[in-house]
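Report on one structure; see the data block that follows.
FYI, it's all coordinate maths here, none of it is from the lab. Only a predicted model underlies this, so the values are computations on that prediction, with no experimental measurement involved. Note that we place each Cβ from the backbone using ideal geometry, even for glycine, and neighbour counts take in every protein chain shown.
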Amino acid sequence: MTEPKRVRQPGDRDVAPGRLALVQSFVNSVNVEFGPDEFASVAGLTRWMERQGFAAGLPAPSESDRREVVEVREALRALMRENNGATADPAARAVIERVAANCPLVLAFDETESPVLRPGGTGTRGMIGQVLAIVVEAAVDGTWQRLKACHEHRCEWAFYDRSRNRSGRWCSMAVCGTRSKMQTYRRGLRAPAGAR
Ligand SMILES: [Zn+2]
C-alpha cells in the first residue's frame with residue numbers, strides 16, 4: 001500500500017497519523033457540502049482505490065459493490081460524529097458489522113516478521129477490510145477517538161483533532177466554527193415577526 005496522498009486540510013490541520021490517514025481519506029472521498037463525490041460512480045471509486053494503492057481487481061467493482069462502499073463510508077462518518085459528541089448510532093454499527101462479515105481479515109507477517117491482520121478478500125471488500133482493520137488498530141491505540149466529523153452539519157469533513165484535551169469540534173475554527181456560532185447567535189436573537 002502506498003502512502004496516502006497528502007491533501008491540504010481545512011484549518012491547516014495535518015492529516016491523521018500513519019495508516020489512519022487512509023480512513024480519513026476514505027470518508028472525505030465526498031465533500032458533503034460542495035461535492036464532488038468520488039464514489040458517485042464505479043469509475044471514480046476505481047480511480048480512488050488505485051490512487052490509494054489498492055488493485056480494484058477483476059472483474060471491476062459492480063454497482064452493488066459501489067453502494068456497499070458508500071454505505072460503509074457513511075456509517076464510519078456517523079461513528080466520527082460520535083467521536084465529536086453525537087449520540088450513539090446503532091444503525092451505523094449494524095451496517096459495519098453486516099458488511100464486515102463479508103470482509104475477512106487473515107493473519108500475516110509483515111517485513112519485520114511481526115504478526116498483522118491483512119484483508120483476505122480482494123477488490124472493494126479487500127479495501128473495506130483494510131479500512132476497518134485500521135479503525136480497530138486506531139481504537140486500540142487511542143487515535144480513532146480523535147478522528148471526528150466536523151460539528152457543522154452542512155460540512156461533516158473528517159478531521160484529526162490534535163488538541164490536548166480532544167476538544168476540537170470543527171474542521172476549521174475560522175470557517176465552520178464561525179458560521180456555527182453565527183447560527184446559534186441568530187437563533188438566540190429570535191426577533192419578533194415584522195420587526196425588520
Ligand atoms: Zn467543517
If you check Ala108, Ala92, Ala78, Ala100, which single one turns out to be more than 24 Å from Gln145 (Cα to Cα) and among the hydrophobic types (A, V, I, L, M, F, W, C)? Ala108
Hey, could you check the range 159-180 for residues that are aromatic (Phe, Trp, Tyr) and under 9 Å from Pro10 (Cβ atoms) and say which is farthest from the ligand (Cβ to nearest atom)? Phe159
